[in-house]
Amino acid sequence: MRALVLLINLLIFFLAGKSQEIWQSRYVGYDENQRLVYFEDEKGNIIPDFSNVGYASGNKEIPDVHVVEILNPLPGDNRAHIQGAIDRVAALKPDRNGFRGTVLLKSGVYNVNGSIFIRQSGIVIRGEGSDESGTLVRATAKRKHDLFCFTGNGDMEKDETSKVALTESYIPAGRKHIELLTTEIFMVGDSILLYRPSTGNWISDLKMDQIIERPGTRQWKADDYHLYFERVITAIEGNRIYMDNPVVMPMEQKYGGGFVMKYTFNGRIKNCGIENMLIESAFESDTDENHGWTAVIFTNVRQSWARNLVSRYFGYGCVTVDRGSRNISVLDSKSLDAKSQITGSRRYSFSCRGQLNLFKNLYSTEGRHDYSTGARVLGPNVFTQCTARNTHSDIGPHHRWAVGTLYDMIDTDGAINIQDRGNLGTGHGWTGVTQVVWNSKSPQTSVQSPWVSGKNYCIGLMGNKYEGRFKDRPDGEWEGLNTPGLMPESLYEAQLKNRLNKTK
């Protein structure tokens with residue numbers, strides 16, 4: 001069957017007038033009807049469907065929200081000017097779609113001495129362009145600070161009384177259904193947590209309680225690695241539930257199995273956005289750190305976006321999707337010419353610490369970890385069609401077990417690494433599992449798989465493979481190194497198209 005599929009695709013390709021040979025992965029490819037098919041490994045794991053991420057899970061376009069406040073720049077500090085307009089919009093009643101309205105910053109220069117906060121749902125901030133002739137917002141405060149802060153409150157509230165155990169001894173990555181002891185308390189549409197507990201024997205088998213110590217090294221502790229994946233029930237059949245997003249890490253009985261429970265997160269804000277502007281930080285030298293740190297940060301936010309932004313000179317980055325944030329789309333934006341020392345905790349151009357987020361068509365210069373995740377970041381999350389130039393470090397999961405990330409069509413002049421970082425930092429250790437590098441370019445790439453609990457993949461890389469920090473770690477799943485013509489070109493776009501076509 002696979003040979004027939006490849007023959008059909010080759011014929012289509014040549015008929016289109018192209019001469020480059022094409023090929024498909026042994027993990028995921030097209031069938032004779034040009035539908036995606038996935039191939040299981042010996043344990044039933046497949047590469048997950050990463051398409052159900054970002055604003056509205058990719059099911060609809062970002063809206064053009066109506067303008068209710070129009071501002072022109074004032075001489076001097078504009079912080080109170082802009083914050084006042086945001087606060088007036090925050091007092092309005094949301095429309096039927098959950099939007100209060102847009103604050104339009106007309107073209108010109110807005111100097112801002114401090115942070116601007118968006119604390120209510122349904123507020124969009126829009127400029128009139130991200131070049132010099134458009135809207136320029138400049139952070140002028142001489143202290144480390146974030147500029148546009150979209151900030152909800154509260155925390156995830158777990159309903160422990162609803163916790164039900166999974167019944168299977170092994171649930172492979174990529175599956176969208178699980179078997180429970182009972183489904184009586186659940187309904188279609190329920191928001192649930194897929195809870196994967198951490199155990200001492202899991203930490204030991206990962207060898208993360210055996211990190212070679214140096215000053216400040218922290219060995220991993222089981223209680224720090226309980227994982228809670230946010231999902232929605234889409235169907236129930238007997239004791240089986242189906243979820244909107246797949247399992248992205250094998251659930252194993254020998255490591256505590258798993259559970260499902262209900263939860264709420266009432267403090268999150270939603271339906272917010274920032275778009276179409278140039279954002280910069282005033283600075284005094286290339287290594288100055290008392291100035292703007294992050295241009296835009298989302299904390300406890302859902303179903304929101306940042307698009308068509310250009311940031312420059314910030315010490316940390318353009319957009320950070322922080323803890324408690326999900327279904328954020330960061331699109332068509334640039335992070336340019338960071339100003340800070342070139343060392344740890346700096347120059348993370350586009351950073352993800354939340355769940356179910358999409359970073360697409362981004363560009364960065366002078367960053368360190370341009371497209372990265374932090375500790376215990378739970379997927380799916382996607383970075384796609386992103387470029388990094390003059391980078392000072394690597395792209396990929398940065399530390400302490402990120403789960404389920406797609407790095408799709410990444411083009412960097414630095415490194416892409418998925419590996420055991422050992423005692424770097426305070427004990428970064430294994431950076432992640434079910435990390436997929438697809439059709440990317442890098443002069444130096446290491447993709448290793450952890451000792452237990454899953455695999456990492458590098459498919460269609462153009463560049464050089466190297467051993468990483470430790471030569472004795474298990475190799476990842478490599479395929480098609482320096483072989484052009486991988487189909488699909490973008491795994492994310494193919495998965496999204498495949499999923500949306502199924503619903504028509």
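The values are calculated or read from the model by the stated rules, or taken from the named source; none is laboratory data. No experiment lies behind these values; they were computed from the predicted model shown. Glycine also receives a Cβ, built like all others from the backbone with ideal geometry; neighbour counts cover every protein chain displayed. Surface areas here come from the heavy atoms of the whole protein model, side chains and all, with no ligands, DNA or RNA. Shrake-Rupley method; radii C 1.70, N 1.55, O 1.52, S 1.80 Å.
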ask   = Going by the structure shown, is E69 open to solvent by less than 50 Å² (accessible area, probe 1.4 Å) and under 29 Å from L358 (Cβ atoms)?
value = yes
remark   = Within the range 136-172, residues crowded, with 18+ Cβ neighbours inside 10 Å, over 16 Å from G292 (Cβ atoms) and over 26 Å from the mean Cα position of the chain (by Cα) come out as V164, L166
query = Hey, any hits in the range 113-122 for a residue that's surrounded by fewer than 15 Cβ atoms within 10 Å (Cβ to Cβ) and in a loop (DSSP other than H, G, I, E, B)?
reply = no
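Kindly indicate whether N423 is closer than 30 Å to N59 by Cβ, in contact (Cβ under 8 Å) with a residue 12 or more places away in the chain and not acidic (D, E).
Values: closer than 30 Å to N59 by Cβ: no; in contact (Cβ under 8 Å) with a residue 12 or more places away in the chain: yes; not acidic (D, E): yes.
It is false that N423 is closer than 30 Å to N59 by Cβ, in contact (Cβ under 8 Å) with a residue 12 or more places away in the chain and not acidic (D, E).
Suppose we filter the range 53-77 for residues that are closer than 20 Å to G273 by Cβ and either without any contact (Cβ under 8 Å) to a residue 12 or more places away in the chain or not in a helix (DSSP H, G or I) (or both); how many remain?
So the count comes out to 15.
For the range 219-226, state whether one or more residues are farther than 30 Å from S311 by Cα, of a type in the set (D, E, K, R), out of contact with any strand residue (DSSP E or B) (no Cβ under 9 Å at 6 or more places or on another chain) and assigned to a loop (DSSP other than H, G, I, E, B).
Residues of the range 219-226 farther than 30 Å from S311 by Cα: 219-226.
Those left that are additionally of a type in the set (D, E, K, R): 221, 223-224.
Filter once more, keeping what is out of contact with any strand residue (DSSP E or B) (no Cβ under 9 Å at 6 or more places or on another chain): 221, 223-224.
Remaining after also requiring assigned to a loop (DSSP other than H, G, I, E, B): 221.
Taking every residue of the range 219-226 in turn, at least one turns out to be farther than 30 Å from S311 by Cα, of a type in the set (D, E, K, R), out of contact with any strand residue (DSSP E or B) (no Cβ under 9 Å at 6 or more places or on another chain) and assigned to a loop (DSSP other than H, G, I, E, B).
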Scan of the range 390-414 for residues that are open to solvent by 10 Å² or more (accessible area, probe 1.4 Å) and either hydrophobic (A, V, I, L, M, F, W, C) or part of a strand (DSSP E or B) (or both), ordered by number = D394, M409, D411
request  = State yes or no: is T102 of a type in the set (S, T, N, Q), closer than 28 Å to G152 by Cβ and under 27 Å from the mean Cα position of the chain (by Cα)?
outcome  = yes
key: Among the residues listed as G425, G432, G468, G480, the single one being over 22 Å from the mean Cα position of the chain (by Cα), buried (at least 17 other Cβ atoms within 10 Å of the Cβ) and within 19 Å of S372 (Cβ to Cβ)   = G468
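Would you point out the residue of the range 234-277, among those that are of a type in the set (G, A, S) and farther than 30 Å from P94 by Cα, that is nearest to the chain's Cα centre (by Cα)?
Residues of the range 234-277 of a type in the set (G, A, S): 235, 238, 256-258, 267, 273.
Add one more test, that the residue is farther than 30 Å from P94 by Cα, and what stays is 235, 238, 256-258.
Numbers: A235: 26, G238: 33, G256: 27, G257: 26, G258: 24 Å.
Once the filter is applied, the top-ranked residue is G258.
Filter the strands (runs of 3 or more DSSP E) completely within the range 230-349 down to those with at least 3 residues that are more than 25 Å from K106 (Cβ to Cβ). Break it down into steps so the answer makes sense when it comes.
Numbers: elements: 240-243, 259-264, 273-281, 294-299, 301-312, 317-321, 326-336.
Per the criteria, 240-243, 259-264, 301-312, 317-321, 326-336.
Assess whether T387 counts as being in a strand (DSSP E or B), open to solvent by 10 Å² or more (accessible area, probe 1.4 Å) and among the β-branched types (V, I, T).
Details: in a strand (DSSP E or B): yes; open to solvent by 10 Å² or more (accessible area, probe 1.4 Å): yes; among the β-branched types (V, I, T): yes.
In short, yes.
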note = Residue pairs within 6 Å by beta carbon, gap of at least six or interchain, first lying in the range 129-141 and among the hydrophobic types (A, V, I, L, M, F, W, C) and part of a loop (DSSP other than H, G, I, E, B), second open to solvent by 10 Å² or more (accessible area, probe 1.4 Å) and at pLDDT 95 or above, listed first then second, are A141/N113
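Are any residues in the range 210-259 under 19 Å from Y195 (Cβ atoms) and either of a type in the set (D, E, K, R) or at pLDDT below 95 (or both), and if so, which ones? Please lay out each step first, then the result.
Going residue by residue through the range 210-259, those that are under 19 Å from Y195 (Cβ atoms) are 220-234, 236, 239-259.
Across the range 210-259, the qualifying residues are K221, D223, D224, E230, R231, R240, D244, E252, K254.
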ask   = Given (1) open to solvent by less than 20 Å² (accessible area, probe 1.4 Å); (2) within 19 Å of F148 (Cβ to Cβ), where does L336 come up short, assuming only one miss?
value = (1)
